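Comments concern the structure below.
The values are calculated or read from the model by the stated rules, or taken from the named source; none is laboratory data. Because the structure is a prediction, the values reported are computed rather than measured. Don't worry about glycine lacking a Cβ; one is built from the backbone with ideal geometry, like all the others, and counts go over all protein chains shown.
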Amino acid sequence: MKGSFTELQNRVIQRGLCTACGTCAGVCPAGAIGWAYVDDEPLPELTGECAGCNICTTVCPGEEVNLPALEQFVFGRVREEQIPDLGFYREARVGWATDRVTRQLGASGGLVTALLIYALEKGIIDGALVAGFRQDLPWRTEARLAVNGEQLLAAARSKYACVPVNTLLNQALEQGYRRLAVVGLPCHIHGLRKMQFYGQPASLTRGVVLMVGLFCASQFYFEGTRHLLVERLGVDRLEDIASLSYRGGDWPGHLVVELKDGRRLLLDRHEYMYHHLMPAFKRDRCEMCVDWAAELADLSVGDYWDPQVRAGHALGTSSCLVRSPAGEELLDGAVKNGYVETIPLEAARLAAGIGYELKKHAAAFRLRQRRRFGWPVPEYHRQTNYTPFARELHLAPETKSDVEK
Ligand SMILES: Cc1cc2nc3c(=O)[nH]c(=O)nc-3n(C[C@H](O)[C@H](O)[C@H](O)COP(=O)(O)OP(=O)(O)OC[C@H]3O[C@@H](n4cnc5c(N)ncnc54)[C@H](O)[C@@H]3O)c2cc1C
Ligand code: SF4
Ligand code: SF4
């Protein structure tokens, strides 16, 4: 039926275009969309009675994201074509939480968590949708509503398995939260901006006041985590796990698993990311996604690896692109009030990361290949210029000289 959940299913979910952002479930006025876990991957399913309002299909970013139209809507202008293409931004900074614990608990510099704590304490927001781990199954991720600093800290650090964060939109509103921040990957932000663009549903359009985007090279199938746990760390039964963190311990954080019998297992971050998750377990939908730097967020945050900036720091740092007035106000306020510290960043250096390469070169090229075969592809309405260009490598000095020899 046109305009019903069936349409979403036929156009997006069954064609492998769902990003698992959760927006459809989060906006459904009938509360009729829930989650099925197929091969441990979250897929929206009809759990109630569809009212046929078509809102879910309208806001869904799985099949279509009109980047230029949304950019015009959010920033009042469309970016000029430039390389590297990081989307429209006002300012680029490197930053970190001034509170040492927040910084240590963060994936990179704890910048996101520190900004959200500031926003909560100053009443800019009254809650934030974030990503956590389930209490009953601590190896599985879940969307969370955090309404205080403790809950924000508990949800810090990156989760490398799907979290349909936007699924909590309606629930948060129903619980009386009226000024929400959402932390999301580019696809989460796409869903939220489509919701605002179409003004549907109106209550939620007003309710989300801040979007903090994370840079995203890819999300990974949970099967990748299972591979790491069982085949690399020798965990016999997932039920033996007491806690899991993808970025646990000291920066840059490793896969840290605590078992119920007290043992602590660890897998090096670069080893598991670049030798296992990245080459083998990227989600197929992510292979077709061209937004790396969360181009439609108020402010986008990523890891910062540059050895020149990091020299002398034993703790992590975050890179940050400030995009909208709301993002600018947030960062400026957090700096002035001592929650975060920042220094300027030459934005072009961000393009040296593998994430940029995967999105702006590989995914853009892959879309062209897939179109040629008539396979389902998302439409971003932007011809991504994937011409290769010389990029400044962020290598440690000794590695660089080895290369130069
Ligand atoms: C799947 C994924 C891919 C990424 N790819 C890149 C990349 O290619 N390049 C790069 O520079 N950075 C990437 N990042 C971002 C990076 O890992 C850090 O999240 C970012 O630097 C912020 O660190 P922080 O210390 O400032 O944030 P923190 O203080 O650690 O806060 C992080 C916030 O993000 C939320 N969060 C964590 N995981 C998810 C998730 N899966 N979905 C939604 N919200 C989540 C947390 O709940 C928390 O609120 C990626 C993150 C994820 C989750
Ligand atoms: S809104 Fe998000 S979760 Fe729902 S079908 Fe579309 S891409 Fe999937
Ligand atoms: S690569 Fe794109 S589709 Fe996949 S999780 Fe990241 S933002 Fe979403």
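Taking segment 94-150, which residues are β-branched (Val, Ile, Thr), within 12 Å of ligand 1 (Cβ to nearest atom), touching a residue at least 60 places away in the same chain (Cβ under 8 Å) and closer than 15 Å to Tyr339 by Cβ?
Taking segment 94-150 as the starting set, the residues that turn out to be β-branched (Val, Ile, Thr) are 94, 98, 101-102, 112-113, 117, 124-125, 130, 141, 147.
Applying the additional criterion that residues be within 12 Å of ligand 1 (Cβ to nearest atom) yields 94, 101-102, 112-113, 117, 130, 141.
Adding the requirement that they be touching a residue at least 60 places away in the same chain (Cβ under 8 Å) leaves 94, 112, 117.
Passing the criteria: Val112, Ile117.
Identify the residue in segment 109-159 that is surrounded by fewer than 18 Cβ atoms within 10 Å (Cβ to Cβ) and of a type in the set (A, V, I, L, M) and, among all such residues, is nearest to Ala297 (Cα to Cα).
Val147
So Arg15 passes all but one of these: (1) within 20 Å of Thr205 (Cα to Cα); (2) within 16 Å of ligand 3 (Cβ to nearest atom); (3) over 21 Å from the mean Cα position of the chain (by Cα). Which condition number does it fail?
Evaluating Arg15 over (1) within 20 Å of Thr205 (Cα to Cα); (2) within 16 Å of ligand 3 (Cβ to nearest atom); (3) over 21 Å from the mean Cα position of the chain (by Cα) leaves (1) as the failure.
If I ask for residues that are within 12 Å of ligand 2 (Cβ to nearest atom) and in a strand (DSSP E or B), which ones from segment 1-45 would you list?
Scanning segment 1-45 gives Ile33, Gly34, Trp35, Ala36, Glu41, Pro42, Leu43, Pro44, Glu45.
Need pairs with beta-carbon distance below 9 Å; first residue surrounded by fewer than 12 Cβ atoms within 10 Å (Cβ to Cβ) and within segment 273-286, second outside any helix (DSSP H, G or I); sequence gap 6+ or separate chains.
That search, which allows pairs on different chains as well, returns Asp284/Gly16; Asp284/Tyr221.
Output the number of the condition that Gly312 fails; it satisfies all remaining conditions of (1) within 19 Å of the chain's Cα centre (by Cα); (2) at pLDDT below 95; (3) among the small types (Gly, Ala, Ser); (4) more than 12 Å from ligand 3 (Cβ to nearest atom).
Only one criterion is unmet by Gly312, namely (1).
Within segment 348-405, work out how many residues are within 24 Å of Pro279 (Cβ to Cβ), of a type in the set (Phe, Trp, Tyr) and at pLDDT 80 or above.
4
Which ranges mark the strands (runs of 3 or more DSSP E) fully within segment 184-289 that have 3 or more residues being within 16 Å of ligand 3 (Cβ to nearest atom) and modelled with pLDDT of 95 or more?
Values: elements: 208-214, 241-248, 254-259, 264-267.
Filter on segment 184-289 gives 208-214.
Can you confirm whether segment 91-104 contains a residue that is away from ligand 2 (no atom under 16 Å from the Cβ), small (Gly, Ala, Ser) and more than 24 Å from the chain's Cα centre (by Cα)?
Looking for residues that are away from ligand 2 (no atom under 16 Å from the Cβ), small (Gly, Ala, Ser) and more than 24 Å from the chain's Cα centre (by Cα), one finds none in segment 91-104, hence no.
Scan (1) touching a Lys or Arg at 6+ places or on another chain (Cβ under 7 Å); (2) closer than 30 Å to Ile343 by Cβ; (3) of a type outside the set (Asp, Glu); (4) in a loop (DSSP other than H, G, I, E, B) for the single condition Ile83 breaks and write down its number.
Unmet for Ile83, out of (1) touching a Lys or Arg at 6+ places or on another chain (Cβ under 7 Å); (2) closer than 30 Å to Ile343 by Cβ; (3) of a type outside the set (Asp, Glu); (4) in a loop (DSSP other than H, G, I, E, B): (1).
Checking the conditions here, which among Gly199, Gly191 is assigned by TED's automatic domain parsing to the domain that holds Val27 and within 15 Å of ligand 1 (Cβ to nearest atom)?
Values: Gly199 fails: within 15 Å of ligand 1 (Cβ to nearest atom).
Of the residues listed, the single one that is assigned by TED's automatic domain parsing to the domain that holds Val27 and within 15 Å of ligand 1 (Cβ to nearest atom) is Gly191.
Looking at segment 363-390 only, could you name the residues that are outside any loop (DSSP other than H, G, I, E, B) and without any contact (Cβ under 8 Å) to a residue 12 or more places away in the chain?
Those that are outside any loop (DSSP other than H, G, I, E, B) and without any contact (Cβ under 8 Å) to a residue 12 or more places away in the chain: Arg368, Gln369, Arg371, Arg372.
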